[in-house]
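Here's the structure, in structure tokens; my notes come after.
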Amino acid sequence: MSGSQSSLREANRAAVLDAVKRHGGLTQVELTGATGLSAATVSTIVKELVATELVAVRSTTRSGRRAQLVTLTHRLGLAAGVEIGHRRLRVALADASHDVLAEQVLPLPSEHRADTTLDRVALLVVELTERIGRELDEVVGVGVAVPAPVDPESGTVTAPGVLHGWDGVAVAQVLEKRIARPVFADNDANLGALAESAVGAAKDCYDALYVRVSHGTGAGIVLGGRVLHGVAGTAGEIGHVLVDPGGAICRCGSRGCLDTVVGGPAFLEPLRTSHGTLTLRDVVTRAVAGDPGCARVVADAGAVVGRVVADLATSVAPQRVVVGGELAETGDVLLAPLREALRRRALLDVPHPLDVVPAALGPRAELVGAIVLALQSTDLLPSAGIVPVDRPRAEHEASAGGRTS
Amino acid sequence: MSRDRTPLLALRQVVKRFGAVEALVGVDLEVRAGEVVALVGDNGAGKSTVAKIVAGVLTPDAGLVEIDGEPVTIGSPAAANRLGVATVFQDLALSENLDVTQNIFLGRELRTRQGFLRDLEMERVTRQILQTLTVRVPSVRTPLRTLSGGQRQAVAIARTLVGEPRVVVLDEPTAALSVAQTAEVLTHVQRLRDMGLGVILISHNMTDVRAVSDRIEVLRHGRNNGSFEATASHEAILAAITGAA
């Protein structure tokens, strides 16, 4: 590679654009930190990019000081984010700065079918585009979060039995056929992890875990700033880690998976005698309102999930654990016993206790992740001449790296 | 969302005849606080007749209607309102030429002692109700004719809330709506449930019904033909509707 001035400037320009694209919007100071370039270089590059209308600059405040926020310009198109849940579907349209322009939630029946649901996804994307007065061809990409392992290359649900009626469904391909836009699918916990590491609570982390506790439990493993997928996208499927060797058979076919204890029907069953038939949403609302029975069930779930996360964290040694999903909306009801389970592992206390925080994006993490996936997967910036640039390590990351040795 | 054991509203062995035609033959139905009960069935199964009896439009020929476990007579729509039962019929009964607030207070406008309309107060209440339901309309003074089908349905639902009801009956609320509009209406149904109201949802659309209901009651030829939990399969419910089971 030639070391000429122009190719160096091109690489720096790409690094700045890449950082803005990854985080949606950054101040010039933050850009300096994210790219490792000098303040002067960042300032020059931002000026150039503003002149070519690739980015826009607006005033904002960071920790009480005035700052210049750099975002991608609106003319770069829209991204659609789709979150398919067990009982609801969420669709959002966002611009290149991750600003959500329109959003709609649709309650879904239990065990909903892939064909009907994907049909509705396509119609919702079209209707939302119309609602904000834009054209469908302005949508540069659609990201889809699916509550089952997905092969990120093909966008196909890989693990049989995990999501009833969705075995082997080529989510990305089916949707692409219906709306004729590029579609990218991934597992919901992986996308939650992507969102939290790009714009959320793990923004400053090199290695992090995102744990999603909802109708099922899943994890997204972020290593070196990238989400780990593993073979067939099944990495981080902690819902299918053995917790009870003599337990019930899981829908995946194994015995005693975490999912047979937390989140599913088995989780609601203990409340049936005292509380009648409740939905997961009811349990969360009531636990927040202080119902002791519902809080008990959520806390027990936190302890069980905590033990599984402790094993995973001991293997991976992340800088932070971010907890999301519907049960995380109960705050410390879930998080306190989960933290407690991690405290019991000696290695997770070195050099200081492992940080366990709620998702900064709250219940929107997966949806935002789907938007980030759509934006990162499509070439928004054809003229930028992107050269892959390794993300430099920030200071704290360099020091955290020494922790394991 | 407290789910008392006593139903807010119950029909016990209700019978309704139109001449020689038996529209309802001993129908039972219960709805509790914070519960969405769906009423499904083919055309002519008696769903709308049930709605009309509960709304006070029709009176049953036999059987009991109970509120809080006490037998009552719902002799007129006004009586239904007084008993805390509000119904939104399929035609919505809204006025195209009036705005959102005027529609919501149509026929029960707030007035000062001198007889002047208390416009600001009505706007305030409207705004508050739309907010509780998380309804998205441009303004409380937007003329109804400019609203979408889903927004109209929302205004019709909001209208029932002025009387602070405990049971809301929705007759085919998602018929002829687009997916985005259906999504809005179903979200409103969930809101009503979260507010602790009992909801009776009459619908043909099995996907919508299974998405928001706690219990699904099937009517067939004017008779109860099965009661299902929301997790029951589409096929099982369909079999009860068509009589295959």
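The values are calculated or read from the model by the stated rules, or taken from the named source; none is laboratory data. Source: prediction; values computed, not measured. Virtual Cβ from ideal backbone geometry, glycine too; neighbours counted across all protein chains shown.
Details
- Only one entry of B:Thr101, B:Thr142, B:Thr126, B:Thr132 meets the criterion of being touching a residue at least 12 places away in the same chain (Cβ under 8 Å), among the hydroxyl-bearing types (Ser, Thr, Tyr) and farther than 24 Å from B:Ala183 by Cβ, and that entry is B:Thr101.
- Qualifying residue in the stretch B:180-192 (condition: within 14 Å of the chain's Cα centre (by Cα), more than 11 Å from chain A (Cβ to nearest Cβ) and part of a loop (DSSP other than H, G, I, E, B)): no
- Among the candidates A:Val297, A:Val350, A:Val333, A:Val305, residue that is within 21 Å of the chain's Cα centre (by Cα) and in the same structural domain as A:Ser214 (by TED's automatic domain parsing): A:Val305
- Every condition in (1) assigned to a loop (DSSP other than H, G, I, E, B); (2) of a type outside the set (A, V, I, L, M, F, W, C); (3) within 11 Å of chain B (Cβ to nearest Cβ) is met by A:Thr117 except one, and the failing one is (1).
- Exclusive hit being among the aliphatic types (A, V, I, L, M) and free of Cβ contacts under 8 Å to residues at least 60 places away in the same chain, set A:Ala202, A:Ala185: A:Ala185
- For the residues A:Gly81, A:Gly155, A:Gly85, A:Gly161, the requirement of being modelled with pLDDT of 95 or more and within 30 Å of A:Asp259 (Cβ to Cβ) singles out A:Gly81.
- Here A:Asp291, A:Asp188, A:Asp204 are screened, and the one residue that is of a type in the set (Asp, Glu) and within 21 Å of A:Pro337 (Cα to Cα) is A:Asp291.
- The stretch B:29-45, residues that are closer than 30 Å to A:Thr285 by Cβ and not small (Gly, Ala, Ser): B:Leu29, B:Glu30, B:Val31, B:Arg32, B:Glu35, B:Val36, B:Val37, B:Leu39, B:Val40
- Among the residues of the stretch A:101-114, those that are in a strand (DSSP E or B) and either in contact with a His (Cβ under 8 Å, 6 or more places away or on another chain) or at the interface with chain B (Cβ under 7 Å from one of its Cβ atoms) (or both) comprise A:Gln104, A:Val105, A:Leu106, A:Pro107.
- Going through (1) closer than 24 Å to A:Gly25 by Cα; (2) free of Cβ contacts under 8 Å to residues at least 24 places away in the same chain one by one, A:Tyr210 falls short only on (2).
- Only a single criterion out of (1) assigned to a helix (DSSP H, G or I); (2) within 14 Å of chain B (Cβ to nearest Cβ); (3) in contact with a Lys or Arg (Cβ under 9 Å, 6 or more places away or on another chain) is not satisfied by A:Ile45, namely (2).
- The condition of being closer than 15 Å to A:Glu326 by Cα, touching a helix residue (DSSP H, G or I) at 6+ places or on another chain (Cβ under 6 Å) and β-branched (Val, Ile, Thr) holds for A:Val288.
- Condition check for A:Ser59: assigned by TED's automatic domain parsing to the domain that holds A:Lys177 and of a type in the set (Ser, Thr, Tyr): no
- Count of the stretch A:246-284 residues, restricted to those that are in contact with a strand residue (DSSP E or B) (Cβ under 7 Å, 6 or more places away or on another chain) and hydrophobic (A, V, I, L, M, F, W, C), is 5.
- The residues of the stretch A:72-99 that are assigned to a strand (DSSP E or B) and within 14 Å of chain B (Cβ to nearest Cβ), listed by number, are A:Ala80, A:Val82, A:Glu83, A:Ile84, A:Arg88, A:Leu89, A:Arg90, A:Val91, A:Ala92, A:Leu93.
Residues are listed down the side, and each one gets a yes or a no for (1) of a type in the set (D, E, K, R); (2) free of Cβ contacts under 8 Å to residues at least 24 places away in the same chain; (3) at positive phi:
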position: B:Asp28; (1), (2), (3): yes, no, no
position: B:Glu35; (1), (2), (3): yes, no, no
position: B:Ala55; (1), (2), (3): no, no, no
position: B:Ala62; (1), (2), (3): no, no, no
position: B:Ile67; (1), (2), (3): no, no, no
position: B:Glu70; (1), (2), (3): yes, yes, no
position: B:Pro77; (1), (2), (3): no, yes, no
position: B:Asn81; (1), (2), (3): no, no, no
position: B:Gly84; (1), (2), (3): no, no, yes
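- Just so you know, in the stretch B:208-245 the residues that are without any contact (Cβ under 8 Å) to a residue 12 or more places away in the chain and either crowded, with 19+ Cβ neighbours inside 10 Å or part of a loop (DSSP other than H, G, I, E, B) (or both) include one that is farthest from the other protein chains (Cβ to nearest Cβ), and it is B:Ala244.
- Identity of the residue in the stretch B:1-57, part of a loop (DSSP other than H, G, I, E, B) and among the β-branched types (Val, Ile, Thr), that ends up surrounded by the most Cβ atoms within 10 Å (Cβ to Cβ): B:Val57
- The stretch B:168-179, residues that are within 25 Å of B:Glu30 (Cβ to Cβ) and within 12 Å of chain A (Cβ to nearest Cβ): B:Thr174
- Residues considered: B:Leu147, B:Leu197. Of these, the only one that is within 14 Å of chain A (Cβ to nearest Cβ) and either in contact (Cβ under 8 Å) with a residue 40 or more places away in the chain or in contact with a Lys or Arg (Cβ under 8 Å, 6 or more places away or on another chain) (or both) is B:Leu147.
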